[in-house]
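As structure tokens, the structure follows; a few thoughts come after it.
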Amino acid sequence: MSSDSLPYAADAEISLKREELDVLRNQYVKEEPFVSIQTKFNYAWGLIKSPRRDEQQLGVRLLTEIFRDAPERRRECLYYLALGHYKLGNYVEARRYNDLLMDREPNNMQARSLNKLIDDRVAKEGLVGLAIIGGAVAAGGIILGTLLKRRR
């Protein structure tokens, strides 16, 4: 499978219609307790694309099972595990899986695209965190200054 057959990270923001996800879920349920790897992968893929956190978490869990149990599907799983963790805000895990894929395929444009998204989100959230800390320090300084002024 070429790197062109994996979607760019931005494509994962486009959710399936509920009816489409239901088709994947129904196939998964129909095959239980012996779900094929392909059916499990398809359902996990649909769950990763979901806007619902609980569905994204289930998608990551299913992909983790496939990654563990089906070595021939690990490459595909790496990308979607990275994407799933990214959507869940688990940026360390997202980076870990994406780096594993980039180690195997340094020119993979999808992995590069996702890497940039991860970097941008970490930088953005880092700046927000710094702003919150800065605001707390400033508020603490004002309170301390007021208390010291009253003591005089």
So the check is Cβ under 7 Å with 6+ separation or different chains; which pairs have a first residue in segment 24-40 that's at negative phi and a second one that's exposed (fewer than 13 other Cβ atoms within 10 Å of the Cβ) and outside any helix (DSSP H, G or I)? none
Just one of (1) modelled with pLDDT of 95 or more; (2) closer than 19 Å to residue 87 by Cβ; (3) of a type in the set (A, V, I, L, M); (4) not in a helix (DSSP H, G or I) trips up residue 35, so point out which. (2)
Among the residues in segment 48-67, are any of a type in the set (Ser, Thr, Tyr), out of contact with any Cys (no Cβ under 8 Å at 6 or more places or on another chain), assigned to a helix (DSSP H, G or I) and over 21 Å from residue 105 (Cα atoms)? no
Taking segment 93-152 and keeping residues at pLDDT 90 or above and either part of a loop (DSSP other than H, G, I, E, B) or exposed (fewer than 10 other Cβ atoms within 10 Å of the Cβ) (or both) leaves 105, 106, 107, 108
Out of all the residues in segment 60-73, is one or more within 11 Å of the chain's Cα centre (by Cα) and at pLDDT 95 or above? yes
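The values are calculated or read from the model by the stated rules, or taken from the named source; none is laboratory data. Since this is a predicted model, take the numbers as computed values, not measurements. All Cβ positions, glycine included, derive from the backbone under ideal geometry; neighbour counts span all protein chains shown.
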